[in-house]
1. Could you run the Karplus curve 6.51 cos²θ - 1.76 cosθ + 1.60 with θ = phi - 60° over region 48-54 and give me ³J(HN,Hα) per residue in whole Hz, x for Gly and Pro?
2. At 7 Å along the Cα-to-beta-carbon direction for both Q56 and A5, put a label point, then send me their distance in nm to one decimal.
3. With a cap of 16 neighbouring Cβ atoms within 10 Å, and only residues DSSP puts in a loop, list the GluC sites (Glu not before Pro) found in region 66-110.
4. Tell me, what is the percent relative contact order of region 83-122, built from C-alpha pairs under 8 Å that lie six or more residues apart?
5. Give the relative contact order (percent, whole number) for the chain; include only Cα pairs under 8 Å separated by 6+ residues.
6. Specify, per residue and in Å³, the volume enclosed by the convex hull of the alpha carbon atoms belonging to the chain.
7. Let me check I've understood the local charge: for T24, count other residues with C-beta under 13 angstrom from its C-beta, Lys and Arg +1, Asp and Glu -1. What total comes out?
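Laboratory data are not the source of any read-out in this text; all were calculated from the coordinates shown. Please read all numbers here as calculations on a predicted model, not as lab measurements. Ideal geometry is used to build each Cβ from the backbone, glycine not excepted, and the neighbour counts take in all protein chains shown.
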Amino acid sequence: MAGEAILVVEDNPTNLKLAKLLLTVEGYEVRTAVDAEEALKVLATFHPQLILMDLQLPGKNGLDLTMYLKADPKFKEILIVALTAYAMKGDEERALAAGCDGYMTKPVSAATFPMELAKYLQKPRGLSRQE
Ligand code: MN
């Protein structure tokens with residue numbers, strides 16, 4: 001069961017559209033941002049359980065934005081899952097070092113994406129959920 005609020009930060013329009021579609025179909029409340037600046041604007045009024053964070057963003061990149069959010073008491077409880085390009089070896093390590101709670105590999109696959117994401121939402125810190 002879904003319904004959790006999710007923010008997708010991704011500058012690639014195709015990936016953003018696909019991620020939003022797949023999550024919306026699953027019943028999540030989805031907001032999107034194309035860069036760090038827009039993400040912070042959205043976060044001023046939207047309180048997601050999880051952020052899907054593309055690492056390669058124009059301007060402040062996803063790693064910097066993650067470090068910024070994890071250093072702020074207002075945001076540090078939000079789960080952050082990095083979206084990493086398949087070919088970019090080392091991105092996973094960098095994502096975890098920056099404070100990401102996990103990572104998913106791009107391109108987003110319609111077959112596995114919702115299930116992979118649900119794994120992160122099933123184990124929020126200190127809470128247990130039942131299906
Ligand atoms: Mn990107």
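1. x, 6, 8, 10, 8, 10, 5
2. Modelled inter-label distance: 3.1 nm.
3. Working: sites: E77, E92, E93; in loops: E77.
Sparse-neighbourhood loop GluC sites (Glu not before Pro): E77.
4. Working: 24 pairs, mean separation 15.9, N = 40.
Relative CO of region 83-122 lands at 40 percent.
5. Dividing the mean separation by the residue count of the chain yields 22 percent.
6. Values: hull volume 13.1 nm³, N = 131.
It is 100 Å³ per residue.
7. On the way: positive: K17, K20, R31; negative: E4, E26, E29.
Net charge in that neighbourhood comes out at 0.
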